[in-house]
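There's a structure below that I have some questions on.
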Amino acid sequence: MCGIIAQSGADDAVGTLINGLERLEYRGYDSAGIAVQNGSGIAVHKRAGDVSEIREEIQTEAASGEVGIGHTRWSTHGPPTDANAHPHTSDTGNIAVVHNGVIENHAELREFLSANGHEFTSDTDTEVIPHLIEHFRQTESETMAAFRRAIDELEGSYAIAALIRDEERVYAARAGSPLVLGLDSGQYYLASDIPAFVEHTRDVAFLEDGDVVVLESDGAQIFDRNGVPVERDVERVDWNPEEVGKGHFDHYMLKEIHNQPSSIAKTIRGRVDPADGAVAFDDLDTEVLDGVREIHVVACGTSYHAALFGARLLSDAGVRTQVFRASEYAKAAGPVSDETLVVTVTQSGETADTLSALRTAAGRGATTVTVTNVVGSTAAREADQSVFIRAGPEIGVAATKTFTSQVVTLILLSQKIAMELPDATPREDLPELLAALERIPTHLDQVIEESRAADLATWLPEHEAYFFIGRGMSRPVALEGALKFKEITYEHAEGFASGQLKHGPLALVTSDTPVFGLFTGEDVDKTVTNAKEAQTRGADIIGIGPADGPGADESDAYLRVPDTHPVCQNLLANVQLQLVSYHTANQLDRPIDKPRNLAKSVTVQ
Ligand code: M6R
């Protein structure tokens, strides 16, 4: 986790670094800091708290400099204190470093450096890096050689950017953590993700593991792991700067919920033809499906819930399918062979557990496809093929529009796979499903506009616990509803298969535990019965389903979705639950876009 940024060029770097860090706060917000070359040395400003703290400090201290680095932290080694905030410096203060990743051999390196007279001032793994560079500068005449020798000592994952006193350049390196180069005329940027600098340039190059970069005012030189100069392809991303701002919304999450009619339209565009039931994926070479006899769908968190949805559709099509939490994959996968297709689902493409599962699968001979939002992400580069969900940048830590775009992509992908595999069959009602998918943006507009979630949120908070139940394809929606609710409200919420409630969890149900019933999709009558079993024990039932659908009259409160194809009803119900979570968290005055202890991109296992 953590976000890093660097700039080198003719313009003052301070504003760019601070704005860029604010765009990277989804990666962590425990502490923040910047360092700039200010003409008489390296000036470091850092402290615990989010980026606004540094913005305030700088306003009073008037920092400036044309070359600089910055960091926003999600703590791994050491609590979120001023001392543990990045940048970290060497004993002399001549070297400052920001780092995203984990240095696994930091304890040995710290011991070695301490024995050589270096004094440490933080608990972090990162602090070994500036001391190492300083150590090797004693014997190497060139800074580049000292920098390389330092990174050669590091085990683990890192994206690093370093400033050296009196050198108007940034030294950077990447191994296992993302680092993107942004190229503008006369300005060069490095960052963990594109939103950090997209207001300045949309021309980007994704660096490879092992790359070392030197950023100067007149260019960026890239060297591969052997020190050989290399070129990396420069791509123009189609994100516009407004997409990474909050617009007129109070929170990114609310903006991203409202963005779903348009993000889903982009996900679908060019991929469906309801008239003849055709599904097309320009980005998928179907050769990848040759000889496939079994599919594993692997993901974490919200993406796992999307994976459950996709896996169910594959099973319905007659494809032998299993779904795994990525962190369990290495141990739980069972036999994997060249007849196994492993589909990893990851919004960021950088989740360490998912990348590890991807590598395990590839190592065992499987073919791999990743379903992701981020072009150039590690998962996209490492998988045999990538399918992009096209949701656009998502900044709120709680995934919303990327979930709905993942689900839509997986609906389409499952049917494409069913068309290609010899023993599989696409859904009989595929033309109706595709037609309903095309209507989703309109239906979403209606849900968002007419939702009563905000009213509901006025009486919801402060209950003892909240349960979410669903059956079949509404079960992943129940699980996702509960995850979203706990993530941003900090209230205790759990999702269950509705048929499971009576096998244990019903013991928890009281008049203080509202139950959200997903009355959408299939076997709704059974879910209504399960909800009534909870209601009999005193719980209020909040139903989600079509107007006049089964369960509407029995519910104590009811959130409506348009009466469309059952698969799509689930997607619309999910958006009602996103709004319930958002408004409840808002009611409780929670930091909705930056929930405590969480980060959007989880790059540690
Ligand atoms: O980037 P990924 O989709 O791989 O991330 C997986 C999870 O960490 C992520 O979905 C997490 O659960 C979100 N915070 C959910 O809102």
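The values are calculated or read from the model by the stated rules, or taken from the named source; none is laboratory data. This is a predicted model, so every value here is computed, not measured. Quick reminder, even Gly has a Cβ in these numbers, built from the backbone with ideal geometry, and neighbours come from all protein chains shown. The protein model used for the area step is the full one, side chains on, heavy atoms only, and it has no ligands, DNA or RNA in it. Shrake-Rupley method; radii C 1.70, N 1.55, O 1.52, S 1.80 Å.
For the range 366-371, what does the Karplus curve 6.51 cos²θ - 1.76 cosθ + 1.60, with θ = phi - 60°, yield as ³J(HN,Hα) per residue in whole Hz, taken in order and with x for Gly and Pro?
Along the range 366-371, the couplings run 6, 8, 10, 10, 10, 9 Hz.
Take peptides 10-20, 357-367, 398-408, 231-241 and line them up by average Cβ neighbours within 10 Å, highest first, as a rough protection proxy.
398-408, 10-20, 357-367, 231-241
Between ARG293 and GLU199, what FRET efficiency comes out of the Förster formula 1/(1 + (r/R0)^6) with R0 = 51 Å and r the beta carbon distance, rounded to 0.05?
0.60
Continuing with the same structure: Give me the Å³ per residue figure for the convex hull around the C-alpha atoms of the range 453-587.
83 Å³
With θ set to phi - 60° and the Karplus curve 6.51 cos²θ - 1.76 cosθ + 1.60, what are the ³J(HN,Hα) couplings of the range 330-337 in order, to the nearest whole Hz, using x for Gly and Pro?
4, 8, 9, 5, x, x, 10, 8
Right, another one. From the backbone phi of the range 258-272, what are the Karplus-calculated ³J(HN,Hα) couplings (6.51 cos²θ - 1.76 cosθ + 1.60, θ = phi - 60°) in whole Hz, Gly and Pro given as x?
5, 6, 5, x, 7, 5, 5, 4, 5, 4, 7, 3, x, 9, 10
Going 7 Å from the Cα of ASP338 along its beta-carbon direction, which residues of the range 359-377 have the amide nitrogen within less than 16 Å of the resulting point?
What the label zone holds, given the 16 Å backbone N cut-off, is 362-368.
In terms of the ratio Rg/(2.2 N^0.38 Å) built on C-alpha atoms, what value belongs to the range 306-361?
1.12
I've got another one for you. Convex hull volume of the Cα atoms in the range 209-359, per residue, in Å³?
206 Å³
Ranked highest first by the average count of other Cβ atoms within 10 Å around their residues, in what order do 145-152, 124-131 fall?
With the highest mean Cβ count within 10 Å placed first, the list reads 124-131, 145-152.
Evaluate the relative contact order of the chain (contact order divided by residue number), counting alpha-carbon pairs under 8 angstrom at least 6 apart; express in whole percent.
11 percent
Then there is this: What relative contact order, as a whole-number percentage, does the range 252-450 give when Cα pairs under 8 Å and 6 or more residues apart are counted?
Relative contact order here is 31 percent.
For n ≥ 4 DSSP H runs only, could you compute -39500 (n - 2.57) per run for the chain, divide by its residues and tell me the 222 nm figure to the nearest 500?
Value at 222 nm, helices only, nearest 500: -10500 deg cm²/dmol.
Could you work out the Rg to Rh ratio of the range 3-244, with Rh taken as the Kirkwood radius (inverse of the mean 1/r over all Cα pairs)?
My calculation of the ratio gives 0.93.
How much length would be gained if the chain were fully extended between ARG149 and ASP123, taking 0.36 nm per residue of separation minus their Cα-Cα distance, in nm to one decimal?
So the chain would gain 7.1 nm between ARG149 and ASP123.
I would also like to ask the following. Evaluate the charge dipole of the range 453-587 about its Cα centre and quote only its size in Debye, nearest 20, assuming +1 on the Cβ of each Lys and Arg and -1 on the Cβ of each Asp and Glu.
Magnitude of the dipole: close to 320 debye.
Around LYS255, under 13 Å between beta carbons, what's the net of Lys plus Arg minus Asp minus Glu among the other residues?
Computed value for this residue: -4.
Please report, in debye to the nearest 20, how large the charge dipole of the chain is about its Cα centre when each Lys and Arg carries +1 at its beta carbon and each Asp and Glu carries -1 there.
That gives the chain a dipole magnitude of about 1100 debye.
Here's something else I'd like to know. Hey, can you rank 213-219, 258-264, 442-448 by average C-beta count inside 10 Å, highest first?
The packing order, highest mean first, is 258-264, 442-448, 213-219.
I'd like the per residue volume of the convex hull spanned by the Cα atoms of the chain, given in cubic angstrom.
Roughly 153 Å³ of hull volume per residue.
Efficiency by 1/(1 + (r/R0)^6): what FRET value for ALA547 and ASN226, r their Cβ-Cβ distance, R0 = 60 Å, to the nearest 0.05?
About 0.40, to the nearest 0.05.
Dipole size in debye (nearest 20) for the range 252-450 around its Cα centre, Lys and Arg Cβ +1, Asp and Glu Cβ -1?
I would put it at about 560 debye.
What FRET efficiency would be calculated for the residue pair ASP209, ARG596, taking the C-beta separation as r and a Förster radius of 41 Å, to the nearest 0.05?
0.80
Then there is this: Got a sec? Charge dipole of the chain, +1 on Cβ for Lys and Arg, -1 for Asp and Glu; which of HIS248, GLY543, GLY481 is way out at the positive end?
Checked the options; the winner is GLY543.
Using the structure shown, select from LYS46/LYS484; LYS331/LYS486; LYS484/LYS526; LYS246/LYS484; LYS331/LYS600 the pairs with a Cα to Cα distance greater than 30 angstrom.
Those over the limit are LYS46/LYS484.
If I stretch the segment between ARG269 and THR458 completely, what's the gain in nm (0.36 nm per residue apart, minus their alpha carbon distance), one decimal?
Once the chain is fully extended between ARG269 and THR458, it gains 64.2 nm.
Tell me, what % of the accessible area of the chain is carbon and sulfur with a 1.4 angstrom probe?
Of all accessible area on the chain, carbon and sulfur atoms account for 43 percent.
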